[in-house]
1. Would you please put 107-114, 142-149 in order of how densely packed they are, using the mean number of other Cβ atoms within 10 angstrom per residue and starting with the highest?
2. Going by C-beta contacts inside 10 Å, put 141, 118 in order with the fewest on the left.
3. Just the number, please: Stokes-Einstein D of the stretch 9-58 in µm²/s, Kirkwood Rh from C-alpha pairs, 37 °C, 0.692 mPa s.
4. Ranked highest first by average number of other Cβ atoms within 10 Å, how do 179-185, 197-203, 8-14, 123-129 line up?
Amino acid sequence: MAANVVYGKRDLVVEALAQKIRSGALAPGQRLEGEHRLAEEFDVSRGTIRQALSELARQELIATQSGIGSFVTFDDKPLDQRLGWAQALSDADAQIVTRVLAIATVAPDDAPDLPAIVPGGPLVAVRRTRELTRPELPDVVSFENAFVPATGVLRDLPRTGLRDGSLSASLAAAGLRPARGEQRAALHRLTRDEARVLRREPGDAFLRTARTSFTSDGRFVEHVVSLLDPDHFQLHYTFGDQR
């Protein structure tokens with residue numbers, strides 16, 4: 001009598017992707033979708049996807065490339081975004097003033113480029129600018145829209161404001177510490193409203209980044225869409241073995 005074989009979620013993902021590779025649906029050298037997309041496609045956690053990719057690599061059906069990452073610099077000085085931008089800019093010796101424009105509860109649809117993997121439910125939006133202090137009119141060098149889950153103590157942010165003026169401190173007080181995530185960047189032409197906030201002209205080119213972070217156990221931490229002055233900010237990528 002044949003034995004019954006029970007397949008777990010990881011095994012089902014491995015089998016499905018292996019079949020695509022062997023059938024030619026995924027051509028040699030073709031890049032797989034990212035973890036977020038694969039997790040959505042198979043309706044599993046990102047941890048399950050990582051386990052499946054590890055197994056495919058063990059079977060030599062895919063090759064992984066280690067050491068890929070990105071970081072933002074301000075005037076050529078690296079910014080450690082894990083510290084929060086205010087602390088990171090301070091560590092980079094930037095004379096920056098942060099201004100909170102608004103804190104409000106919003107719907108997920110109000111968060112541009114929010115990955116589908118982020119759980120539904122209300123969000124708290126924190127809108128801020130950062131100004132480079134100068135004797136003359138200050139330069140507004142960034143306009144940031146951050147979205148965090150409207151749960152626990154974060155739910156009260158529209159009423160209480162940020163803890164010590166810091167969104168990172170507010171997230172830490174809620175037990176949310178970013179451990180992993182993804183960031184995308186593109187050239188963006190300012191709309192009329194964005195240009196007004198940034199004191200620029202509509203159509204001016206800015207660096208637009210969308211950064212989504214999660215805790216080590218997969219909980220959503222924050223989604224931040226930033227417009228960054230390319231005269232001061234750059235996005236650097238590293239790849240390969242950095243030894």
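Coordinate-derived values only; no laboratory data. Given the structure is predicted, the values throughout are model-derived calculations rather than measurements. All Cβ positions, glycine included, derive from the backbone under ideal geometry; neighbour counts span all protein chains shown.
1. 142-149, 107-114
2. 118, 141
3. So the translational diffusion coefficient is about 302 µm²/s.
4. Most protected by this proxy first, the peptides run 123-129, 8-14, 179-185, 197-203.
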